[in-house]
Every structure is written in structure tokens, then in C-alpha cells.
Amino acid sequence: MTPTESRAALSLAGIFSLRMLGLFMIYPVFTFYAEHLAGSTPTTVGLALGAYGLTQALLQIPFGFASDRIGRKRMIAIGLLIFAGGSVVAALSSTIYGVIFGRILQGAGAVGSTILALNADLTREESRTKAMATIGLTIGGAFALALVAGPLINAWAGVPGIFWFTAVLALVGIAVLYGVTPTPADTRSHRDTQAVPELFGRVLADRELLRLDFAIFALHAILTASFIALPAMLRSVLGIHQDWQWMVYLPTLLVSVALMVPAIILAESKRQMKPVFVASVAVLCIAPGILAFYRDSLVEILVLLTLFFAAFNIMEASLPSLISKVAPADGKGTAMGIYSSAQFFGIFIGGTVGGWAFGQFGTGGVFGFAALVGLVWLVVAVGMPKPRFARTHMVNVGAMGDHEAQRLAAEIEAVDGVFEAVVVPADEVAYIKFDGRVVEPDALNRFGRSRSTAAPA
């Protein structure tokens, strides 16, 4: 990547992670705080935890469309201000309904797709995969940091302090956006990062993409529901105060990452994706299933949590890769948009149903619900065909007519190892899916023309 592209990727990754850090920090401590809010019931507590997912799911794609018209940076700034406003509302609320409204506002600042679109504006096609990987890594880091930072900040300033801190992080994100992130020389639609309306029908009719959409829905439903019961379990069973529960999360997360790395290498390098995938889903079903009935010892809980987080991290890393492998060459952005909406809807359902289950059946009911979702997911996952190990690559081909684009696509597809090539004249880009063991991306760049994509602000 060029220095400008690196600055763009790192700054946008920072904005993304600051926002996600604020959202995840309340997971380990919110149920304790909500017990003392007026109008609090298990169901409303769960709704408050998952409410932001509903507005995220509904508004993520529309935010991206709006950014095409009024500008990426402007829409990101608007979204971060809405997010900060929701954080302030939640911090000032003395009732659970006020917190729910604040969380709904937080979710309404749905800038994730717009950040990815700006990243595409600021990177050349051949550098975009690296830039996207940078953003993806910071999201995973934000989740791990949040589980440790949440209890620590709670001990110092309480949950309202976490919400205030989240609002400050959003404002820092705006400062990074205008002070560090380059301004693109050109804003255009990018099919690798943005949803395209005319491709919705094709993507929604693809059974394998729908299978992956259900996977991310189930993953985040399980996670969100589990954090309704997990903090209470650590307090009631093990006697660990909420301010010290980070001492459980930190070692289990570190060990889970150590377990994740070889599993990802096995899945990708050794082309054993399906066995690793199905085994991870089985763990996400079995671990909460055991906790629904047996949760009497520290060692048992630590082992199950470590396996749970390892499986969760494997899925978080693998699912976007699988979307990229399965999606049409020119439909990755559309597939990812629907996938992201499914993810946030899973957060909403997980929080709401998990809260209801906690009220009706206690801790065991929540883990039972998570295990049931995992069981359905396992049935769906077993039927998954062995994925094709395709990589995606984009080449700028410059201006050309439809007939020339069709000829060029046929020429690219004639290359040994290329599965699919789509040349879109309006984008001036060739979208290519290929086998990385047969053909190198550099061999495909010969079909393109260089283009400068970004100019520093």
C-alpha cells in the first residue's frame, strides 16, 4: 500500500474500533447496572442490551446509499454524532426505557458500511484487500479490549461513565476523520464494499450466502444472549464481583486467540474450512448447553469459556472470508451488506429473547436458548458444501464500452485458475475470482491500467 493508503486504512480502522469499543464495553457489566433502573425487568434489560442492533440492521445499507449522494465524511460524521447523542441519552437516563432509547439512537449511527466505502475510495483495487484486513483486525481487538476495559471503567465511573466515555470516543473518531483520514479525489460506487440494489435479488436467492447470513445471525445472537447470563453466573456461582470479572475474561481471551490461530491456518492453508467450521459451531452449541445444567466449578467454567471464545473468534475471522469466496465476483459488497444486517439483527434477537429467557428460566434458560440456536445452526452447517477456495481481486481497466468489457471478461476467464470475471464499465473495474494456488494476483494486473485514487486532505 502507498503511504496515503496506509494512512487511510489505519485511520478508518481506528474510527471503526473506537465505535465498536464503546458498544462492547457495557456487555460484561450492564445487567448489574440495569437491576437498579426504574422499569427494569429481565426482558427490558435484554432489549436494552440488544436494541442498537435493530437500528444498525435497518440503517446500515441506507447510510451507505446516502453517502453516495452527500459525501462519505459527512455521513460518517453525522452517524458518529448520532451515536454520541445516543450515548449521552443512555448516560443521563434513570429508567431502563431511557437507556433503551439511547441504545436505539446509538444504533442509528450506522456508519460501518460508509466507512468501508470511504476506505474503497481511498485505496486502489489491488491494495483494498490489505486495507480491509487492517480494519477487520482492529474490530477483533476492540472486542477483546472492551471485555477487559468495561469492568475497569465501571469500577471507576459506573455504567454511566462508560456511556460518557463512549460519547467521547465518537467525538475522537470525528477528529480522526477530519484530521488524519485523507479526502478522496473521487467518490464512486464500489461493488466490492457497497450494496448494489440490482444485485439484491441474486444475492438473496443464493442458498449458500443465506446459510452464511444465518451463521452470523446465530453467532451474535448466542454471544449477546450469553452476556445476559454470564456476568450473573460469575458473581453467583464463583463469587466474582463485576469489577473483577475482567480477570476471568483476559486469560480466557488470550488462550482462545492462541487456539484460534492454528485453527485458521488449518482451515485456510490446508483447505479444511468445513471441518473447522462445523467443529466450531458444535462448540458454540455444546459449551452453553453444558453451562445450562452444570456450572459449579471455576475450572469447568474457564475451560468452557476459553473454548467458546476460541470458536467465536474462529467464526468471526472465517465468515467474512467465506462470504468473499461464495459471493458473485461483482456482488461481494451486496452480500456483505446483507450479512452485516443479519449480524446486527442477531444482536437484537439475542438480547431480547435472552432477556426474556432469563426472566422465565434464569441463567440456565439463557444458556439453553443459546444452545438451541447453536443446535439449529449446527444442522444448517453440516449441510454446507465444501467451499471453493477462491480469492477475489480487482483490476482497474479504465473506460470502455459494453462489448469491449465482455471481450475482456472472457479473456480474463480464459486464464488458468480464474473462476469468474465480471467487467463493469460504469466502475471501470474487473472483478475477478481465482484460485490463488494456480494464478498470482500480479499475473491478473496485466489486464488493467493504473489509477490514483486518493489525495491527502
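I96 meets all of the listed conditions (1) modelled with pLDDT of 95 or more; (2) under 20 Å from the mean Cα position of the chain (by Cα) but one, namely (2). Have a look at L54, L80 and point out the one that is under 25 Å from S324 (Cα atoms) and at pLDDT 95 or above. None of the others qualify; the one that does is L54. In the range 33-53, the residue that is nearest to A221 (Cα to Cα) out of those that are among the hydrophobic types (A, V, I, L, M, F, W, C) and open to solvent by 10 Å² or more (accessible area, probe 1.4 Å) is L47. Only a single item in (1) assigned to a helix (DSSP H, G or I); (2) in contact (Cβ under 8 Å) with a residue 40 or more places away in the chain is not met by A157, and it is number (2).
When the test is whether a residue is touching a Phe, Trp or Tyr at 6+ places or on another chain (Cβ under 6 Å) and not small (G, A, S), V397 does not pass it.
Here is a yes/no grid of residues against (1) more than 20 Å from A131 (Cβ to Cβ); (2) out of contact with any strand residue (DSSP E or B) (no Cβ under 9 Å at 6 or more places or on another chain); (3) exposed (fewer than 15 other Cβ atoms within 10 Å of the Cβ):
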{"residue": "F369", "(1), (2), (3)": "yes, yes, no"}
{"residue": "Q406", "(1), (2), (3)": "yes, no, yes"}
{"residue": "D416", "(1), (2), (3)": "yes, yes, yes"}
{"residue": "V422", "(1), (2), (3)": "yes, no, no"}
{"residue": "V438", "(1), (2), (3)": "yes, no, yes"}
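Look at (1) under 30 Å from A34 (Cβ atoms); (2) surrounded by fewer than 21 Cβ atoms within 10 Å (Cβ to Cβ) and you find that G383 fails only one, number (1). With the condition kept exactly as written, say whether any residue in the range 18-28 is more than 20 Å from T224 (Cα to Cα), among the aliphatic types (A, V, I, L, M) and buried (at least 21 other Cβ atoms within 10 Å of the Cβ). No, every residue in the range 18-28 fails to be more than 20 Å from T224 (Cα to Cα), among the aliphatic types (A, V, I, L, M) and buried (at least 21 other Cβ atoms within 10 Å of the Cβ).
Applying the criterion of at least 3 residues that are touching a helix residue (DSSP H, G or I) at 6+ places or on another chain (Cβ under 6 Å) and open to solvent by 60 Å² or more (accessible area, probe 1.4 Å) to the helices (runs of 4 or more DSSP H) found wholly in the range 232-333 leaves 246-268. For the range 305-326, the criterion of being among the acidic types (D, E) and closer than 26 Å to A205 by Cα is met by at least one residue. Of everything in the range 394-427 that is assigned to a loop (DSSP other than H, G, I, E, B) and closer than 22 Å to K325 by Cα, the residue that is modelled with the lowest pLDDT is D427. Here the condition is being in contact (Cβ under 8 Å) with a residue 60 or more places away in the chain and farther than 22 Å from A342 by Cα; of G102, G64, G71, it holds for G71 alone. In a helix (DSSP H, G or I) and surrounded by fewer than 22 Cβ atoms within 10 Å (Cβ to Cβ) - does that describe any residue in the range 211-226? Yes, the range 211-226 contains at least one residue that is in a helix (DSSP H, G or I) and surrounded by fewer than 22 Cβ atoms within 10 Å (Cβ to Cβ).
Cβ separations smaller than 6 Å between residues 6+ apart or across chains give the following pairs from the range 4-28 residues that are part of a loop (DSSP other than H, G, I, E, B) to residues that are aromatic (F, W, Y): Y27/F227.
Residue-by-condition table, conditions (1) closer than 30 Å to L122 by Cβ; (2) open to solvent by less than 20 Å² (accessible area, probe 1.4 Å); (3) over 28 Å from the mean Cα position of the chain (by Cα):
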position	(1), (2), (3)
M400	yes, no, yes
A410	no, no, yes
E413	yes, no, yes
F434	yes, yes, no
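Being open to solvent by 10 Å² or more (accessible area, probe 1.4 Å), modelled with pLDDT under 85 and not hydrophobic (A, V, I, L, M, F, W, C): is that true of G140 here? So G140 passes the test.
The values are calculated or read from the model by the stated rules, or taken from the named source; none is laboratory data. On a predicted model such as this, the values are computed, not experimentally measured, just so you know. Here Cβ is always computed from backbone atoms with ideal geometry, including for glycine, and neighbour counts include all displayed protein chains. Calculation scope for accessible area: heavy atoms of the full protein, side chains included, ligands and nucleic acids excluded. Shrake-Rupley method; radii C 1.70, N 1.55, O 1.52, S 1.80 Å.
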